[in-house]
Amino acid sequence: MDLFEYQGKQFFAAYGMPVSPGEVAFTVEDAVAAAERLGPPVMVKAQVHTGGRGKAGGVKFAATVDDVRTHAENILGLDIRGHVVKRLWIEKASDIAEEYYASFTLDRSAKLHLGMLSAEGGVEIEAVAEENPDAIAKIWVDPVVGLTEEAAAAWVDAANLNPAARDGAVDIVRKLYQAYVEGDADLVEINPLILTPDNRVHVLDAKVTLDANAVFRHPDYEEYDATQSRDEREQAAHAKGLQYVGLDGTVGVIANGAGLAMSTVDVVNQVGGNAANFLDIGGGANAEVMAGALEVINNDPKVSSIFINIFGGITRGEVVANGIIEALSQVDIDSPIVIRLDGTNAEQGREMLAPHLSDRLMLEPTMLDAARRAVALAG
Amino acid sequence: MSIFVDENTKVVYQGLTGSTGRYYGLLNREYGTQVVAGTNPRKAGSDVDGIPIYATVAEAVEKTGATASCIFVPAPFVRDAVMEAAEGGIDFIVVITEGVPAHDEAWFYNKLKRDYPGVRLLGPNCPGLISPGKANIGITAGHIAKPGGPVGIVSRSGTLTYQALYELKQKDIGCTTCVGIGGDPVPGTSFIDCLEAFEADPDTRAVMMIGEIGGSAEEEAAAWIKANMTKPVVSYVAGVTAPPGKKMGHAGAIVSGGKGTAKAKMEALRDAGVRVGQNPTEAGELMAEVVAGLD
């Protein structure tokens, strides 16, 4: 789950990290009122789940309340890398002496937590890693041991920050690690972490991704689930508890298992088509789940054919076939459907489907044949 | 031979009294696996279809001599269940449960490495493993696998593993052991662990490796293959068309920052001399060619 900057800052503030006062605004009038309460100068910042806001004109300095009005008018509704700005964060402006970078994430190769700290903040860290990798001080933290004060201090020293920032930075990276672990985050990133002219170290931006698997420990994270950016199709699938990712093509895909669903999307592409989605219905393939999946795909206006790719393992072919037949009796589907059914008792399943076959419901023996048929039907 | 488990492996099921644990535990027993015990502190002294339930793993180990554990408990309890198994004397722990927080996985992976270096962990979020004809621990449908050899399978994806087993069986090709390492960010057993074991197993003469997008496990495996593997490897990697920044079902299947793409993984594997199929069927055909060429 990706947090908006302001949610990330509230998350950090809960662990004692210094952030600036600010308010969320959904309209120009909200933004102006917030700026009046905070007192200019303020920053007007687009809240979207993507980077590159500054370059896209989504972050502006406002010296006066009139400036706030102008910027809010320009930024609300702005499209930043496919994300339309619907909310702003109006924040008290800070004086900046230096800009740093700090983050924690999981290093999947090392199977340890990886902290990165750099005196070159305020720019994309990928660019720093590419051009000047020595400018990033890295620390690998064993989760069993945690980040000790000594290790944090040595790490901060290795990053060559301004000596005036040292103590403040050590304090913040330790709190950042605590937030990362206790908050079950996949990523916590501060870019920039700033040193002010009066030598305070301060959090000026926040990027936080939380682990959705850990919601059972954090019931309050449900509010973040509601602010995830999903397109209409993804929202509908999410409400039905389906594993769905929207794509741009015309062949609707339903498969059981994440790997098989990914593979199905690939095969559609290999035979010259484009999938409209990734959709994993999991192991069961019962009528209710299948009907829900078909409904979501049927509501996608781009879809012109549907490819159902099921491999029966423990779930037998006749159970799958029964699920499909029942689902089709529950929902009216606009597009022709091609089914590939293989695995346990696939023959029995195919026999059950046989009387229902038509030019709207077809059966193909292999994944490739089914993909070709579905792509041809999609035109 | 097989790797990690065989017909003599005694297994305790943590979560046998739950509906999923019971379903697969009994299926595994029916297949021939030595399902010797279940655990549940509130149901100690009872049984599940004749399989005794003990309060703790330590007690189950003491009474039955179990050396492996299969975990079906819900995600919030997996961390404690893994440590209970290790502390109880188990040396092979299989976690089927999905939805385990990444911080828990990172913690118990490192805790085991530090305090129980002899313990092997498989999973979480994996289908388990099957040594066809000998033992099936987890949720794989046993009858889709042909016993014997000469192929060993290791995979990050459940259904694609079943697909591979099935396609090989259709071609009358047997399997020594099929290991599902799971699709999570911190898998307890890696591709390399399995490749190493297959390389050492005399009955395994070729290996099928099924990868997917995300992380760099396939690239690391490719480097290991290039340096160490004498047996032929056939591979398939799912997710060529996956968009960046989107999790494709599995928690670990995500292309981020331009890293973890299927294309890069396939290139690394090809560079290591691995034959790479464009889809699961093609990978099956390539394996059939490899097997036909074995003397």
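Numbers for the structure displayed
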quantity: Meets criteria (in the same structural domain as residue A:168 (by TED's automatic domain parsing), buried (at least 16 other Cβ atoms within 10 Å of the Cβ) and over 21 Å from residue A:369 (Cα atoms)) for residue A:245; calculated: no
quantity: In segment B:139-150, the residues that are under 29 Å from residue B:254 (Cα atoms) and surrounded by 24 or more Cβ atoms within 10 Å (Cβ to Cβ); calculated: B:140
quantity: Identity of the residue in segment A:300-315, of a type in the set (Ser, Thr, Tyr) and more than 20 Å from residue B:127 (Cα to Cα), that ends up surrounded by the fewest Cβ atoms within 10 Å (Cβ to Cβ); calculated: A:304
quantity: Check on residue B:179, more than 14 Å from chain A (Cβ to nearest Cβ) and outside any loop (DSSP other than H, G, I, E, B); calculated: yes
quantity: Residues satisfying the stated conditions in segment B:221-258, i.e. facing chain A (nearest Cβ under 7 Å) and farther than 23 Å from residue A:257 by Cβ; calculated: B:257
quantity: Residue within segment A:326-346 that is among the aliphatic types (A, V, I, L, M), more than 35 Å from the chain's Cα centre (by Cα) and either assigned by TED's automatic domain parsing to the domain that holds residue A:270 or under 26 Å from residue A:233 (Cβ atoms) (or both) present; calculated: yes
quantity: Any hit, segment A:316-330, residues being at pLDDT 90 or above, crowded, with 17+ Cβ neighbours inside 10 Å and within 14 Å of another protein chain (Cβ to nearest Cβ); calculated: no
quantity: Residue count for segment A:210-269, restricted to those that are more than 7 Å from chain B (Cβ to nearest Cβ) and either closer than 27 Å to residue B:281 by Cβ or not hydroxyl-bearing (Ser, Thr, Tyr) (or both); calculated: 37
quantity: Complete set of residues in segment B:138-162 that are in contact (Cβ under 8 Å) with a residue 12 or more places away in the chain, within 14 Å of chain A (Cβ to nearest Cβ) and under 13 Å from the mean Cα position of the chain (by Cα); calculated: B:138, B:139, B:140, B:153, B:154, B:155, B:156, B:157, B:158, B:160, B:161, B:162
quantity: Among residues of segment A:99-139, those that are farther than 23 Å from residue A:201 by Cβ and assigned to a strand (DSSP E or B), counted; calculated: 3
quantity: Whichever residue in segment B:195-220 is closer than 16 Å to residue B:131 by Cα and in contact with a Pro (Cβ under 8 Å, 6 or more places away or on another chain) and, among such residues, is nearest to the other protein chains (Cβ to nearest Cβ); calculated: B:207
quantity: Pick from segment A:162-200, criterion assigned to a helix (DSSP H, G or I) and small (Gly, Ala, Ser), ranking: surrounded by the fewest Cβ atoms within 10 Å (Cβ to Cβ); calculated: A:164
quantity: Enumeration of residues in segment B:282-295 that are surrounded by 19 or more Cβ atoms within 10 Å (Cβ to Cβ) and out of contact with any strand residue (DSSP E or B) (no Cβ under 8 Å at 6 or more places or on another chain); calculated: B:284
quantity: Segment B:34-52, residues that are buried (at least 17 other Cβ atoms within 10 Å of the Cβ) and farther than 14 Å from residue B:64 by Cα; calculated: B:40, B:48
quantity: Test: residue in segment A:140-147 that is touching a Lys or Arg at 6+ places or on another chain (Cβ under 7 Å), within 18 Å of residue A:16 (Cβ to Cβ), in contact (Cβ under 8 Å) with a residue 12 or more places away in the chain and within 14 Å of another protein chain (Cβ to nearest Cβ); calculated: yes
quantity: Boolean, residue B:124 is assigned to a loop (DSSP other than H, G, I, E, B), within 14 Å of another protein chain (Cβ to nearest Cβ), in contact (Cβ under 8 Å) with a residue 60 or more places away in the chain and on the phi < 0 side of the Ramachandran plot; calculated: yes
quantity: Residue within segment A:196-205 that is more than 14 Å from every other protein chain (Cβ to nearest Cβ) and in contact with a His (Cβ under 9 Å, 6 or more places away or on another chain) present; calculated: yes
quantity: Count of segment A:104-150 residues which are of a type in the set (Gly, Ala, Ser) and in contact with a helix residue (DSSP H, G or I) (Cβ under 7 Å, 6 or more places away or on another chain); calculated: 6
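Every residue, every condition in (1) of a type outside the set (A, V, I, L, M, F, W, C); (2) in a strand (DSSP E or B); (3) over 18 Å from the mean Cα position of the chain (by Cα), yes or no:
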residue: B:43; (1), (2), (3): yes, no, yes
residue: B:61; (1), (2), (3): no, no, yes
residue: B:66; (1), (2), (3): no, no, yes
residue: B:69; (1), (2), (3): yes, yes, no
residue: B:76; (1), (2), (3): yes, no, yes
residue: B:80; (1), (2), (3): yes, no, yes
residue: B:83; (1), (2), (3): no, no, yes
residue: B:90; (1), (2), (3): no, no, no
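Each row is one residue, and each column tells you yes or no for (1) among the hydroxyl-bearing types (Ser, Thr, Tyr); (2) in the same structural domain as residue B:168 (by TED's automatic domain parsing); (3) at pLDDT below 95; (4) crowded, with 24+ Cβ neighbours inside 10 Å.
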{"residue": "B:180", "(1), (2), (3), (4)": "no, yes, no, yes"}
{"residue": "B:191", "(1), (2), (3), (4)": "no, yes, no, yes"}
{"residue": "B:196", "(1), (2), (3), (4)": "no, yes, no, no"}
{"residue": "B:230", "(1), (2), (3), (4)": "yes, yes, no, no"}
{"residue": "B:234", "(1), (2), (3), (4)": "no, yes, no, yes"}
{"residue": "B:241", "(1), (2), (3), (4)": "yes, yes, yes, no"}
{"residue": "B:244", "(1), (2), (3), (4)": "no, yes, yes, no"}
{"residue": "B:258", "(1), (2), (3), (4)": "no, yes, yes, no"}
{"residue": "B:265", "(1), (2), (3), (4)": "no, yes, no, yes"}
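The values are calculated or read from the model by the stated rules, or taken from the named source; none is laboratory data. This structure is a prediction, so every number in the text was calculated from the model and none was measured. Here the Cβ is made from the backbone with ideal geometry for all residues, glycine too, and neighbour counts use every protein chain on show.
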